[in-house]
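> Structure below; questions to follow.
Every number in this text was worked out from the coordinates using simple rules, so none of it is lab data. Keep in mind that this is a model prediction, so the values were computed, not measured. Glycine also receives a Cβ, built like all others from the backbone with ideal geometry; neighbour counts cover every protein chain displayed.
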């Protein structure tokens, strides 16, 4: 099973078949395409597709490759993502904006699941959890990628932000395939 299929399977175990979810950090929309093709879900796809010159310093400091793309590459990723999900029509809403800004355009309590896989810095993950948590319905899920990932580009920021949030809120973190994490809200 590919890493995308592993993350998709972890999401699909928690997402109602015709549920609504947001993917924060889409890049090429491979995960979005997988989830949409295996379910009747609707998705909000959030990515800034911003070049390195527009990425926050705390994200660039992680050395995540995606924080260092030039404009040409970032634009190519956005085009590929749009092409990949075009066939799903009205089941897809794309918000090409920074995550916290995009969250303001989504109604509170409207999503069954939010999956965070964007800015892997501590500051980025912490801000994404805070911005997107209110969007999740009671009994829904918040989760993401790269939790307990041994790769140092992801390990410290993601783990610290998720663990701090879980401790403060009393949330119980479940781990799943390919370094995914989830918690009921």
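> Once the Cβ-Cβ distance between residue 80 and residue 137 is put in as r, and R0 is 25 Å, what FRET efficiency do you end up with, to the nearest 0.05? Spell out each step's value before the answer.
On the way: r = 31 Å, r/R0 = 1.24.
Approximately 0.20, to the nearest 0.05.
> A further question follows. Using volume of the Cα convex hull per residue in Å³ as the read-out, say which of (i) 117; (ii) 90; (iii) 103 was calculated from these coordinates.
Computing volume of the Cα convex hull per residue in Å³ and matching it to (i) 117; (ii) 90; (iii) 103 gives (iii).
> While we're looking at this one, here's another question. Please give the contour-minus-distance gain from residue 72 to residue 54: 0.36 nm per residue of separation, less the Cα-Cα distance, rounded to one decimal in nm. Each step should come with its number before you reach the end.
Values: separation 18, 0.36 × 18 = 6.48 nm, distance 1.33 nm.
Contour length minus the Cα-Cα distance gives 5.2 nm.
> Which of 51, 152, 16 moves the most in a Gaussian network model of the chain with Cα springs under 10 Å?
Taking springs between Cα atoms under 10 Å, the residue moving most is 152.
> If you don't mind, there's one more thing I want to ask. Taking a ≥ b ≥ c as the square roots of the eigenvalues of the Cα gyration tensor of the stretch 94-185, is the shape rounded (a/c under 1.5), prolate (a/b larger than b/c) or oblate?
On the way: a/c = 1.76, a/b = 1.27, b/c = 1.38.
Note, shape of the stretch 94-185 comes out oblate.
> Students often check this: by mean Cβ neighbours within 10 Å, which of 167-178, 88-99 ranks highest, and how do the rest follow? Write down the numbers at each step before the final one.
On the way: 167-178: 13.1, 88-99: 16.0.
Descending mean neighbour count gives 88-99, 167-178.
> Only Cα pairs under 8 Å and at least 6 apart count here; give the relative contact order of the stretch 81-161 as a rounded whole percent.
On the way: 96 pairs, mean separation 24.7, N = 81.
Reported as a whole number, the value is 30 percent.
> Before anything else, pin down the relative contact order of the chain: Cα pairs under 8 Å, at least 6 apart, normalised by residue count, whole percent.
Details: 354 pairs, mean separation 41.5, N = 185.
It rounds to 22 percent for the chain.
> Further question: Calculate, in nm to one decimal, what residue 65 and residue 148 gain on full extension: separation in residues at 0.36 nm each, minus their alpha carbon distance.
Taking residue 65 through residue 148 to full extension adds about 28.0 nm, to one decimal.
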